[in-house]
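> The structure is given below, and queries will be raised subsequently.
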Amino acid sequence: MTRCSEEKKALRREIRQRKQQVSEAEKASLSQQLCRQVEQLPEWQEARTVLLYHALSDEVSTRELLQRWAGQKTLLLPVVDGDDLLLKPYRPQTAMSPNQWNILEPTADTECFSDYQAIDLALIPGMAFDKDGHRLGRGKGYYDRLLPRLSCPTIGICFPFQKVEKIPVEPWDIPVQRVL
């Protein structure tokens, strides 16, 4: 294991500990505030097609955005397919099921979305982010393989305690353009 990957593992442990020190109520309140900030962004207001994510319990929840904007914008959710993420449209009536990490995803019978150029904005989760947009994921590389396909603004979204001074970076790590 490289020194960089050891540093990433240690940082993941530290962020997990930070998350455990914050109550569910505080995470919910912070999630609501962050969703309101997202809705104020010109990129959000102008976007017709948005890539979101269905949050794990320790991530910024996007449920409010999914509920409020389904039907007004084309909302996409990632679905794990082997080593990659497929994108599927989300609507209120979309059948959802948990994947192997307990992340809710549109079910297999939902059509895939493949027009990456039509995506106007992508909100990206992460374990941690630094001021340069470098992102620490959970170690599987899914978003590092997805981000190069996107030409839209990419915004990392995290709780304040997930911001760190510097994230160890490897050649394949793809930063986001901005962090909220």
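> For the chain, what is the charge dipole size about the Cα centre, in debye to the nearest 20, if Lys and Arg each add +1 at the Cβ and Asp and Glu each add -1 at the Cβ?
440
> Roughly speaking, what is the stretch gain from Asn102 to Glu7, that is 0.36 nm per residue apart minus the C-alpha to C-alpha distance, in nm to one decimal?
My answer for the length gained is 31.6 nm.
> Restricting attention to the stretch 5-66, which trypsin sites (Lys or Arg not before Pro) occupy a DSSP loop and are surrounded by at most 15 other Cβ atoms within 10 Å?
In loop regions of the stretch 5-66 (DSSP not H, G, I, E or B), the sparsely surrounded trypsin sites (Lys or Arg not before Pro) are Arg48.
> In addition: Across the stretch 152-165, in residue order, what do the Karplus-derived ³J(HN,Hα) couplings come to in whole Hz, using 6.51 cos²θ - 1.76 cosθ + 1.60 with θ = phi - 60° and x for Gly and Pro?
Taking θ as phi minus 60°, the curve returns 8, x, 10, 10, x, 10, 7, 6, x, 6, 9, 7, 10, 5 Hz for the stretch 152-165.
> May I pose another question? Can you work out the Karplus-derived ³J(HN,Hα) for every residue in the stretch 144-151? Use 6.51 cos²θ - 1.76 cosθ + 1.60 with θ = phi - 60°, whole Hz, and x for glycine or proline.
Karplus values, whole Hz, x for Gly and Pro: 5, 7, 7, 3, x, 7, 9, 10.
> Here's a follow-up. Quick one: if the Förster radius is 25 Å, what FRET efficiency do Glu165 and Gln37 give, using the C-beta to C-beta distance and rounding to 0.05?
0.65
> Right, here's the next one. Which angle from 0 to 90°, rounded to the nearest 10, does the C-alpha axis of helix 3-20 make with the longest principal axis of the chain?
Value to nearest ten degrees: 70.
> Nearest 10 degrees is fine. How inclined is helix 24-40 to the longest principal axis of the chain, computing both from alpha carbons?
Its long axis makes an angle of about 60 degrees.
> Sequence neighbours fewer than 8 away in the same chain don't count; with that in mind, list the lysines whose C-alpha is under 28 Å from Lys9.
Within reach: Lys19, Lys27, Lys131, Lys140, Lys163, Lys166.
> Give the shape of the stretch 51-120 as rounded, prolate or oblate, defined through the alpha-carbon gyration tensor: a ≥ b ≥ c are the square roots of its eigenvalues, a/c under 1.5 means rounded, and otherwise the shape is prolate if a/b is larger than b/c and oblate if not. Numbers along the way, then the final one.
Details: a/c = 1.42, a/b = 1.05, b/c = 1.35.
Note, shape of the stretch 51-120 comes out rounded.
Every number in this text was worked out from the coordinates using simple rules, so none of it is lab data. Keep in mind that what you see is a predicted model, and the values were worked out from it rather than measured. Virtual Cβ from ideal backbone geometry, glycine too; neighbours counted across all protein chains shown.
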